[in-house]
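Data block below; observations after.
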Amino acid sequence: MLSTHAIVALSLAGKITAADIISLARRCMCLEDALAEIGRAPLDLLAEAHNVMERCAANNVHIVTALDEAYPLRLRDLDRRPALLYVRGTLPPELAPSIAVVGTRSCSLHYGKVITEQFVERWTERGAVIVSGLANGIDTIAHETSVRARGRTVAVIASGIDRITPLAAVRLADRIVSSGGCVVSEYACGVAALPPYFPARNRIIS
């Protein structure tokens with residue numbers, strides 16, 4: 001079975017699916033064996049992976065692979081589950097109920113905001129973990145309401161955790177982590193958000 005370092009390196013090889021990475025990580029004893037199976041040269045992937053892991057450590061981000069016990073059970077049966085999760089903060093307990101709350105970035109103040117706050121407050125009071133995407137609008141309201149109610153919330157983002165924008169989202173991410181929640185991404189530190197990454201992250205939210 002590959003080490004976390006080798007799995008990160010394999011994820012940097014390009015043009016290889018998460019399912020292939022997981023399969024190779026289970027079968028192979030070293031990165032060279034895994035790359036040989038897919039006909040790739042090692043290049044300098046281990047050094048690049050080392051840089052990624054150092055950048056994660058500098059930002060208090062830990063890496064959870066699909067082979068780790070800490071990998072969320074709810075994601076294990078997902079057809080396109082991520083091979084790697086980059087996590088800042090604390091993943092919620094496996095048995096904790098969770099509710100995904102997502103919506104428009106331009107919600108109305110007199111209805112969308114109020115209704116979201118009411119629902120999230122009630123769910124949080126009943127022990128539910130609120131999962132959303134840290135975007136403007138409904139997502140931000142859901143996270144902020146959960147934090148304010150002293151609940152636990154998970155933000156699933158579409159970039160590296162050190163590339164969160166805008167500044168207000170960075171500050172909210174800090175509050176989420178401080179309140180016992182976490183920020184999660186399938187993208188390594190240093191990776192900027194791209195349009196296709198947003199719909200892709202929704203499978204993790206759901």
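Would you say residue 65 is of a type in the set (Val, Ile, Thr), surrounded by fewer than 19 Cβ atoms within 10 Å (Cβ to Cβ) and within 23 Å of residue 176 (Cα to Cα)?
Details: of a type in the set (Val, Ile, Thr): yes; surrounded by fewer than 19 Cβ atoms within 10 Å (Cβ to Cβ): no; within 23 Å of residue 176 (Cα to Cα): yes.
Considered against the rule, which asks whether it is of a type in the set (Val, Ile, Thr), surrounded by fewer than 19 Cβ atoms within 10 Å (Cβ to Cβ) and within 23 Å of residue 176 (Cα to Cα), residue 65 comes out as no.
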What do you reckon, is residue 139 modelled with pLDDT of 95 or more, closer than 14 Å to residue 205 by Cα, of a type outside the set (Phe, Trp, Tyr) and out of contact with any helix residue (DSSP H, G or I) (no Cβ under 7 Å at 6 or more places or on another chain)? yes
Out of all the residues in the stretch 109-129, is one or more at pLDDT 95 or above, under 20 Å from residue 61 (Cβ atoms) and not in a helix (DSSP H, G or I)? yes
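On the basis of being aliphatic (A, V, I, L, M), under 27 Å from residue 66 (Cα atoms) and more than 12 Å from the chain's Cα centre (by Cα), does residue 101 make the cut? Spell out how you get there, then give the answer.
Numbers: aliphatic (A, V, I, L, M): yes; under 27 Å from residue 66 (Cα atoms): yes; more than 12 Å from the chain's Cα centre (by Cα): yes.
It is true that residue 101 is aliphatic (A, V, I, L, M), under 27 Å from residue 66 (Cα atoms) and more than 12 Å from the chain's Cα centre (by Cα).
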Does the stretch 43-56 contain any residue that is farther than 18 Å from residue 159 by Cα and assigned to a loop (DSSP other than H, G, I, E, B)? yes
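How many residues, within the stretch 65-98, are outside any loop (DSSP other than H, G, I, E, B) and farther than 16 Å from residue 9 by Cβ?
Filtering the stretch 65-98 down to residues outside any loop (DSSP other than H, G, I, E, B) leaves 65, 73-76, 84-89, 98.
With the extra rule that they be farther than 16 Å from residue 9 by Cβ, the set shrinks to 73-76, 85, 87-89, 98.
Counting residues in the stretch 65-98 that are outside any loop (DSSP other than H, G, I, E, B) and farther than 16 Å from residue 9 by Cβ gives 9.
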Here is a check on your reading of the model: is residue 73 free of Cβ contacts under 8 Å to residues at least 24 places away in the same chain, in contact with an Asp or Glu (Cβ under 8 Å, 6 or more places away or on another chain) and either loosely packed, with under 15 Cβ neighbours inside 10 Å or at positive phi (or both)? yes
Complete set of residues in the stretch 18-42 that are in a loop (DSSP other than H, G, I, E, B) and free of Cβ contacts under 8 Å to residues at least 24 places away in the same chain: 39, 41, 42
For the stretch 159-206, enumerate the residues that are part of a loop (DSSP other than H, G, I, E, B) and among the acidic types (Asp, Glu). 186
Please enumerate the residues belonging to the stretch 97-128 that are over 21 Å from residue 202 (Cβ atoms), open to solvent by 100 Å² or more (accessible area, probe 1.4 Å) and of a type in the set (D, E, K, R). 122, 125, 126
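The values are calculated or read from the model by the stated rules, or taken from the named source; none is laboratory data. Here the structure is a predicted model, which is why all the values come from computation and not from measurement. Glycine gets a Cβ as well: all are built from the backbone with ideal geometry, and neighbour counts include every protein chain shown. Remember, those area values only see protein heavy atoms, side chains included, never the ligands or the DNA or RNA. Shrake-Rupley method; radii C 1.70, N 1.55, O 1.52, S 1.80 Å.
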